[in-house]
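One structure below.
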Amino acid sequence: MPTALITGATAGIGHEFARQLADRGDDLILVARDAARLETVAAELRSSYSIEVEVLSADLTDLEQLGLVEQRLADRDRPVDLVVNNAGFGLKNAFLDNPIDVEQAQQDVLVRAVLRLTHAALGGMVERGRGGVINVSSVAAFLPRGTYSAAKAWVNSFSAWAHAEYADRGVTVMALCPGFVKTEFHERLGVDRDSSAPKVLWLEPDRLVRDALADFDKGRPMSIPSKRYKAIVTTTRVVPRSALQRLQGLGRK
């Protein structure tokens with residue numbers, strides 16, 4: 001039975017990945033900071049889908065705790081077939097309004113954790129000739145929207161390179177680039193969903209994950225949900241960056 005490890009697994013996109021992978025019959029390893037919530041989610045998934053669920057409570061900004069997740073991924077005796085690097089958070093304030101330690105913590109989760117966990121997982125996957133990594137990025141990667149967008153642009157570039165490097169060795173690495181999704185993400189930012197972006201831009205997490213898994217199963221290096229977001233990404237390639245920069249307040253009010 002395949003095993004999938006998911007970071008940020010107790011809510012939003014990560015929880016939906018856990019639910020849909022469990023429905024497929026995958027055993028799960030759930031990673032998040034909140035140990036109590038992890039146990040609650042794990043119990044629900046075990047009961048609903050009759051699968052094995054392991055929990056790892058870890059703050060991915062802490063190198064020691066991140067190292068525990070790396071060790072689990074590198075364990076050749078308990079192989080992990082799929083990694084979903086989903087953990088992340090945004091910052092509502094502009095760059096200079098955030099303490100640098102807060103900005104660094106965001107980069108630690110969005111970039112360093114993705115780098116290290118992918119590295120830890122790929123060795124065994126390449127040896128076995130199978131496996132995959134889904135790195136949850138963002139449509140923001142295609143827009144000039146500060147350090148969050150810069151981090152997600154790195155995720156896209158890294159994922160595209162890794163896919164090209166290891167696809168012929170049986171390993172798929174895919175970047176998932178959602179836009180606005182109806183999860184706790186914006187609530188944690190203190191953003192009002194109804195006024196922060198047009199309703200047509202909001203995606204349902206179940207459809208997002210279902211389409212992402214379909215793209216992953218087809219071996220695609222990138223998944224962009226819905227025709228509207230595909231059109232937005234296409235537009236970003238021809239619109240001047242000065243015009244795109246005017247949109248950086250979208251989703252933050």
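The values are calculated or read from the model by the stated rules, or taken from the named source; none is laboratory data. Remember, it's a predicted structure, so these values are computed and weren't measured experimentally. No Cβ is skipped: glycine too gets one built from the backbone with ideal geometry, and neighbour counts run over all protein chains shown. Note: accessible area is taken over every heavy atom of the protein model, side chains too, but ligands, DNA and RNA are not part of it. Shrake-Rupley method; radii C 1.70, N 1.55, O 1.52, S 1.80 Å.
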Worksheet item: With contacts defined as alpha carbon pairs under 8 Å and 6 or more residues apart, what's the relative contact order of the chain in percent?
Response: 17 percent
Worksheet item: Taking the convex hull of the alpha carbon atoms in the stretch 1-123, what volume per residue do you get, in Å³?
Response: 97 Å³
Worksheet, complete the sentence: Listed by chain and number, the residues whose amide H is under 5 Å from that of residue 176, excluding neighbours fewer than 5 places away on the same chain and using placed H, are 135, 136, 137, 223
Discussion item. Could you check the spin-label model distance between residue 214 and residue 226? Points 7 Å from the Cα along Cα→Cβ, value in nm.
Written reply: 1.5 nm
Response to the item:
Heavy-atom accessible area per residue of the stretch 65-131, all protein chains kept, 1.4 Å probe, expressed in Å², is 48 Å²
Worksheet item: Given the convex hull of the Cα atoms of the stretch 79-168, what is a quarter of its surface area in nm²?
Response: 5.9 nm²
Discussion item. If amide hydrogens are placed 1.01 Å from N in the peptide plane, which non-local residues have theirs closer than 5 Å to the one on residue 54?
Written reply: 28, 29, 30
Worksheet item: Rounded to the nearest 0.05, what FRET efficiency is calculated for residue 128 and residue 46 with R0 set to 30 Å and r the Cβ-Cβ distance?
Response: 0.70
Practice prompt. Express the carbon and sulfur contribution to the solvent-accessible surface of the chain as a percent, rounded to the nearest whole number, probe 1.4 angstrom.
Written response: 51 percent
Discussion item. Quick check for the chain: number of Lys pairs with alpha-carbon distance under 18 Å, counting only pairs 8 or more apart or on different chains?
Written reply: 11
Worksheet, complete the sentence: Per the Kirkwood formula over distinct C-alpha pairs, the hydrodynamic radius of the chain in angstrom is 18.4 Å
